[in-house]
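Heads up, the thing below is written out as structure tokens.
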Amino acid sequence: MDWVQANHSSFCDQVNQTARVLNTPEYRQLFGLDFISNDGSGGGGGIGRNEEPIPRLVMKSNTGAWFDDEFLPSVANFNSAIEKWKDVGNRTPRITAAVQIAREDLEPKYRKLYGMLKSSLAANKENFAAMGLPWNDGKQHSQPELPHSYPAATKMDFPTPNEIAVHVRDQNSDRRGKPAGYHGVEMLYAILDHEPTSISELVHSAFSTTTPIRLSFDFSKRGKVLYFVLRWENKRAQKGPCSDYYHILIP
């Protein structure tokens with residue numbers, strides 16, 4: 001069973017519990033989002049009788065910067081969308097689509113965060129329970145296979161005027177879909193005016209447990225070029241190798 005809640009309201013509760021607890025000073029330091037440093041002046045020696053204590057500063061790690069600049073804004077965007085969606089009497093197809101788009105932005109980041117937290121030395125059942133996350137210690141469940149192959153895009157089509165659907169299969173298979181034991185496919189993508197030279201330029205991601213994987217775009221993006229790569233992910237959010245680059249003109 002997938003650890004991410006399928007229901008939008010339950011997913012909202014789950015992800016907000018994780019964000020709220022992880023954003024406390026205790027958990028930020030515990031999981032390496034922040035670390036304590038001296039003032040960086042480089043001065044040595046101890047504190048003399050008449051000397052002021054060296055100030056201790058809270059410094060943000062790269063993970064902390066990603067959490068603050070990428071993850072939390074996506075949580076806020078999803079919360080804003082779902083508040084309107086919860087008003088059933090005024091719910092419209094546009095509001096429902098906005099929730100789905102916001103979730104498609106947030107969920108892969110949430111899975112990425114889970115993998116980052118799981119790899120931390122501070123990870124344990126108690127901390128994960130406090131954050132609303134499941135814990136698998138590997139004793140009662142077998143370890144999922146680390147993805148070793150990559151997905152291939154077999155077809156790209158346009159179900160609606162502002163939507164792209166990418167059908168995938170494994171590089172070593174003629175059958176559509178993911179290999180047994182894999183959880184789903186992640187797409188790293190960006191709209192660029194040049195061919196990317198590194199996947200670091202593909203700053204957005206989407207995730208799907210089924211094929212095709214779908215992306216929706218604002219009409220202002222029509223006529224621009226979307227570049228992307230694909231990779232498999234197992235049930236512990238561990239990634240496989242990336243595919244070759246693909247590109248498509250947004251209709």
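The values are calculated or read from the model by the stated rules, or taken from the named source; none is laboratory data. As the structure is a computational prediction, the values presented were derived from the model and not from experiment. Please note: Cβ atoms are built from the backbone with ideal geometry, for glycine as well, and neighbour counts cover all protein chains shown.
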*Could you list, in sequence order, the residues of the range 7-38 that are in a helix (DSSP H, G or I) and over 20 Å from the mean Cα position of the chain (by Cα)?*
PRO25, GLU26, GLN29, LEU30
*asked:* Just to be sure I understand the filter: pairs with C-beta atoms under 7 Å, separated by 6 or more residues or on different chains, first member in the range 153-171 and surrounded by 12 or more Cβ atoms within 10 Å (Cβ to Cβ), second member of a type in the set (Phe, Trp, Tyr) and in a strand (DSSP E or B). Which pairs pass?
replied: ALA153/TYR246
*In the range 202-214, is there at least one residue being of a type in the set (S, T, N, Q) and either in contact with a helix residue (DSSP H, G or I) (Cβ under 9 Å, 6 or more places away or on another chain) or assigned by TED's automatic domain parsing to the domain that holds GLY115 (or both)?*
yes
*Inside the range 64-153, counting only helices (runs of 4 or more DSSP H) that do not spill past its ends, which hold 1 or more residues that are touching a Ser or Thr at 6+ places or on another chain (Cβ under 6 Å)?*
93-118
*asked:* Any residue at all in the range 92-114 that's hydrophobic (A, V, I, L, M, F, W, C), in contact with a Lys or Arg (Cβ under 7 Å, 6 or more places away or on another chain) and modelled with pLDDT of 90 or more?
replied: yes
*asked:* If I go through the range 180-220 residue by residue, how many of them are touching a Ser or Thr at 6+ places or on another chain (Cβ under 9 Å) and surrounded by fewer than 19 Cβ atoms within 10 Å (Cβ to Cβ)?
replied: 2
_Qualifying position, being of a type in the set (Val, Ile, Thr) and in contact with a Cys (Cβ under 8 Å, 6 or more places away or on another chain), among ILE82, ILE95_ = ILE82
*Restricting to the range 167-176, what's the tally of residues that are within 16 Å of GLU145 (Cβ to Cβ) and either part of a loop (DSSP other than H, G, I, E, B) or of a type outside the set (Asp, Glu) (or both)?*
3
*Among what's in the range 132-176 and is at pLDDT 85 or above and of a type in the set (Gly, Ala, Ser), pick the residue that is nearest to LYS239 (Cα to Cα).*
SER149
*When the range 226-243 is examined, which residues are found to be aliphatic (A, V, I, L, M) and either surrounded by fewer than 18 Cβ atoms within 10 Å (Cβ to Cβ) or out of contact with any Ser or Thr (no Cβ under 6 Å at 6 or more places or on another chain) (or both)?*
LEU226, ALA237
